[in-house]
Amino acid sequence: MPGVKIKAANLEQTAGLAGALAEILRPGMVIALNGDLGAGKTTFTRALARAAGVQAAVTSPTFALLNIYQGARLNFYHFDFYRLNSRDELENSGGQEFIPPPDGIAVIEWAEKIPDILPADYLSIHIAAADGEQRLFSFIFHGNTAYLAARLKNFSADMAASPPQGAGTYPQQSN
Ligand SMILES: Nc1ncnc2c1ncn2[C@@H]1O[C@H](COP(=O)(O)OP(=O)(O)OP(=O)(O)O)[C@@H](O)[C@H]1O
Ligand SMILES: [Mg+2]
């Protein structure tokens, strides 16, 4: 399975990465977001929603299971499976109707808890916290999402060439 790894040195670069991803997402995209408690899943999702044109405040759907936002270009379905125990619970809530979403993108925190809900085509992102604000993002492209790989690699190379002002270290990308 092809993958891309991108290191964000700080919150600003996390937001930059989310912005680059938002630009290339197509309606119907499902993003499975995994990583330890506090790794930065909600923070990354907030930046992605902002970049997709969501103006409302994006809050963690840990208790609600699903928050839906209207974006300028795409609607935004933000799931959190942390408290979910079974696929049945998700189906009873009606949430699975939006996986994949007909008119926007779905981001699922803790997707690994109910892996069989994921469609054939989805982007998996694992976030690992390192020192301070450093985070390592690992992207895996499932099914027909490989077109995102080249775009993300380009973004990573561009970010290395001209890092945001004030960035202490440059992002690195490897395969
Ligand atoms: N580069 C970074 N990217 C993302 N978050 C960062 C970064 N640097 C620091 N942080 C901080 O790490 C924390 C991440 O919290 P967040 O709620 O996003 O994690 P989470 O993975 O959603 O946790 P949970 O599993 O509880 O849902 C926030 O306080 C955020 O400000
Ligand atoms: Mg969260």
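The values are calculated or read from the model by the stated rules, or taken from the named source; none is laboratory data. Predicted, not measured: the structure shown is a model, and the values here were computed from it. A quick note on method: Cβ atoms are made from the backbone with ideal geometry, for glycine too, and the neighbour counts reach across all protein chains shown.
Every listed requirement among (1) surrounded by fewer than 22 Cβ atoms within 10 Å (Cβ to Cβ); (2) under 21 Å from ASP121 (Cβ atoms) is met by LEU84 save one, (2).
Does the stretch 145-152 include one or more residues that are at pLDDT 90 or above, in contact with a Ser or Thr (Cβ under 8 Å, 6 or more places away or on another chain), under 15 Å from ILE31 (Cα atoms) and part of a loop (DSSP other than H, G, I, E, B)? No; the residues of the stretch 145-152 include none that is at pLDDT 90 or above, in contact with a Ser or Thr (Cβ under 8 Å, 6 or more places away or on another chain), under 15 Å from ILE31 (Cα atoms) and part of a loop (DSSP other than H, G, I, E, B).
When you look at GLU12, is it in a helix (DSSP H, G or I), more than 16 Å from ligand 2 (Cβ to nearest atom) and farther than 14 Å from GLN134 by Cα, yes or no? Let's see the steps before the verdict.
On the way: in a helix (DSSP H, G or I): yes; more than 16 Å from ligand 2 (Cβ to nearest atom): yes; farther than 14 Å from GLN134 by Cα: no.
In short, no.
Where residues in the stretch 115-137 are touching a Lys or Arg at 6+ places or on another chain (Cβ under 7 Å) and closer than 17 Å to PRO101 by Cα, which of them is nearest to ligand 2 (Cβ to nearest atom)? Only one residue tops the list, namely ILE117.
Please enumerate the residues belonging to the stretch 120-139 that are closer than 21 Å to GLY28 by Cα, surrounded by 15 or more Cβ atoms within 10 Å (Cβ to Cβ) and of a type outside the set (Ser, Thr, Tyr). Matches in the stretch 120-139: ASP121, LEU123, ILE125, HIS126, PHE139.
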